[in-house]
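Have a look at the structure below before the remarks.
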Amino acid sequence: MGFFFNQPNRWTIQAFTEVELFTISKTDYIKLCQEFPKWIEIEKQFIIKCFAMMEDRIFSHLSMTAEERYNQYFEQNKELFNQVPLQYIASVLGMTPETFSRIRKRQAENS
């Protein structure tokens, strides 16, 4: 949001795995929009996808139990469970690390 409103961002990003990060200046972004009119439509589709993901996340927090959220997230993101510290996954799922640990232990016992 800060990029579009010329304000400092509220968030910082930390990568847990090797990544290649691309950045673009505001001036270059404006040029991109002018030189590639289809960019606006591509960007619009991306924003719609992000909004849908955010809506799904909110809905799951309101309508699912912690265990149901864990199971759904695990099925969709198995590889993350070996790449990211588990307290961060617990945070994404809206639960304490202790609750996450109890659910994970139960899942392992049932497997």
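Bear in mind that the values in this text are calculations on the coordinates, not laboratory data. Since the structure is predicted, the reported quantities are computational estimates derived from the model, not experimental observations. Note: ideal-geometry Cβ built from the backbone for every residue, glycine included; neighbour counts use all protein chains shown.
Quick look at the values:
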item: Signed unit charges on C-beta, dipole axis of the chain, positive-most listed residue Q76, H61, C33; result: H61
item: Three principal axis lengths of segment 59-111 [C-alpha, angstrom, descending]; result: 26, 23, 21
item: Angle in degrees between helix 66-76 and the longest Cα principal axis of the chain, rounded to the nearest 10; result: 60
item: Cross-link partners of K49 among lysines (Cα-Cα below 30 Å; sequence separation of 8 or more within a chain); result: K26, K31, K38, K78
item: Option label - log10 I(q)/I(0) by the Debye sum over Cα atoms at q = 0.12, 0.14 Å⁻¹ computed here, alternatives (i) -0.63, -0.80; (ii) -0.35, -0.48; (iii) -0.72, -0.82; result: (i)
item: Segment 8-111: GluC sites (Glu not before Pro) falling in loop per DSSP and having at most 11 other Cβ within 10 Å; result: E18, E20
item: Estimated [θ] at 222 nm from DSSP helical runs (n ≥ 4, -39500 (n - 2.57)) normalised by residues in the chain, nearest 500; result: -20000 deg cm²/dmol
